[in-house]
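The values are calculated or read from the model by the stated rules, or taken from the named source; none is laboratory data. Source: prediction; values computed, not measured. Note that each Cβ is placed from the backbone with ideal geometry, even for glycine, and that neighbours are counted across all protein chains shown.
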Amino acid sequence: MEIQKVAVIGGGTTGVGIARTVAGAGMEVYICEKDELSWQGAEQSLEQELDQEMTRWALTSTEREVLRRRIKGGSSIAPVADADLVIESVSEDFEVKRAVFQQLDAVCDARIIFVTNTSTLSVSELAAATRRPARFVGLHFVTPVPRTKVVEVVRGLLTSDETVAAAKEFAKQIRKTPIEVYEYPGYVTTRLIVPLINEAIFVVMEGVASAEDVDTAMRLGYNLEKGPLALADHMGLDVVMSWMEHLFHELGDLKYRPCPLLRKMVRAGRLGVKSGEGFFHYE
């Protein structure tokens, strides 16, 4: 299956990152947002992302222009019907995602593969909300999407071998290494990173070391690009907490119980990069 046009539903940080990555592989992308104001916000984020790449000398002005021409967007769902692949990247809320897929199912041809970017929710349960469970698959992108090299291909109960093969081929087209996983809460990346982040927060709460020293120890000691606390700030502390709560609910294991300090910070609105303040300060 040749994929030339991709629709991304949701223009948040991950959605914009997916769109930029797909466009970088030479495909046309349409970002569909819930309203025009949301699309304007997504467009602004996209412009900032491309400008930052130019600042880092990772992109020339000509390359930026080419990429920008490949990415369009708006609040109309009509252009989604022309896509070869539809990737959902809305908030990590089952009912919101199910409503999105039911709406998509009504306008998209049966040949189109549906992809959910969920990090913790059931692919099988979301697929059941559509008339194409065999052509429904999970692709869990790790943020920041343009710079991470892996994507988890999540097989639901009824996902066909052909759909999995197409998803893997698409991942390779956008220069990612696909890792096939069977549906299970947290898959691989989320399930493993959550306890590390949670334990790092407990270390800070218990006064063992400062946030700066915890991250320095982990970066230098284990050759990580980011420490666990800076990583959580970039993911969004509210998002990280929602992952923990879901895993704790699904698996009942205390290692997924959110640290009280994390709950306190989320309640105070200190969500990380997006709020300007988390474990670290951001301009």
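Odds and ends about this structure:
- Being in contact with a Ser or Thr (Cβ under 8 Å, 6 or more places away or on another chain) and at pLDDT below 95 is true of Gly11.
- Considering the conditions (1) touching a helix residue (DSSP H, G or I) at 6+ places or on another chain (Cβ under 8 Å); (2) farther than 18 Å from Glu152 by Cβ, His281 is excluded by exactly one of them, (1).
- Residue selected from region 237-283 under the condition in contact with a Ser or Thr (Cβ under 9 Å, 6 or more places away or on another chain) and of a type in the set (Phe, Trp, Tyr), by the criterion nearest to Val214 (Cα to Cα): Tyr282
- Only one entry in Glu63, Glu53, Glu49, Glu88 is of a type outside the set (Val, Ile, Thr) and at pLDDT 95 or above, namely Glu88.
- Any hit, region 201-213, residues being within 27 Å of Ile18 (Cβ to Cβ) and either assigned by TED's automatic domain parsing to the domain that holds Val123 or crowded, with 16+ Cβ neighbours inside 10 Å (or both): no
- Scope region 98-122; condition in a helix (DSSP H, G or I) and touching a Lys or Arg at 6+ places or on another chain (Cβ under 9 Å); matching residues: Asp105
- For region 167-183, the count of residues that are surrounded by 16 or more Cβ atoms within 10 Å (Cβ to Cβ), over 17 Å from Ser119 (Cα atoms) and among the aromatic types (Phe, Trp, Tyr) is nonzero.
- Matching entry among Glu162, Glu169, Glu152 (being modelled with pLDDT of 95 or more and in contact with a His (Cβ under 6 Å, 6 or more places away or on another chain)): Glu152
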